[in-house]
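A short write-up of the structure that comes next.
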Amino acid sequence: MASLRDFMKLSELLTGLELLDPAIADDYRRQLDAASGLNLRELIAVYREVLVDESEEKTLAALLARFGGDPRGQRLHVTAQQVVRIWYLSELVDANGALSVAGHYLDSGLPEVYEAHPQGFSRGRYGDWAQRPRHRRSGP
């Protein structure tokens, strides 16, 4: 199994997210490692090969350059997509097209991007969506 440290660094590089939870990362790593048609170990091995300590941009560019049209490049590309997907949506799709929920929806990264709570979840009391907001933006 791929090392947790390497998986977290690769995840940060691919997603742009920071301060990833190690417990969630370990769970995601195990799920991705077990998913049919994905090869997380291979992706992490390539990440180690292209790692440029002083530049995340150069490392990312070198990694993306390995996602060619050959079977290995396509496999790396699909695996990298699933790393991003699992962190942002807390789900993954295996090579057979089967969707799996990864179990950390409330901790997923997408709400951080759009600065709101996860869709379908609210900390407000039941029915609060029916009330007009207290502060309205003026203008068009």
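Summary table
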{"item": "Test: residue in segment 8-16 that is surrounded by fewer than 18 Cβ atoms within 10 Å (Cβ to Cβ), at pLDDT below 95 and over 11 Å from the mean Cα position of the chain (by Cα)", "result": "no"}
{"item": "Segment 31-59 residues that are in contact (Cβ under 8 Å) with a residue 60 or more places away in the chain and under 12 Å from VAL83 (Cα atoms), paired with ones that are among the aliphatic types (A, V, I, L, M) and in a helix (DSSP H, G or I) (beta carbon under 6 Å, 6 or more apart)", "result": "LEU32/LEU40"}
{"item": "Filter result (under 14 Å from the mean Cα position of the chain (by Cα) and not aliphatic (A, V, I, L, M)) within segment 68-99", "result": "HIS77, THR79, GLN81, GLN82, ARG85, TRP87, TYR88, SER90, GLU91"}
{"item": "Any helices (runs of 4 or more DSSP H) falling wholly within segment 1-58 and containing at least 1 residues that are hydrophobic (A, V, I, L, M, F, W, C) and under 16 Å from HIS104 (Cβ atoms)", "result": "4-15, 22-34"}
{"item": "Neighbours by Cβ (under 8 Å, 6+ apart or cross-chain): first from segment 78-94, farther than 16 Å from ASP21 by Cα; second modelled with pLDDT of 90 or more and not in a helix (DSSP H, G or I)", "result": "THR79/ASN39; ALA80/PHE67"}
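The values are calculated or read from the model by the stated rules, or taken from the named source; none is laboratory data. What you see is a predicted model, and the numbers here were worked out from it, not measured in a lab. FYI the Cβ positions are ideal-geometry reconstructions off the backbone, even for glycines, and counts take in every protein chain you see.
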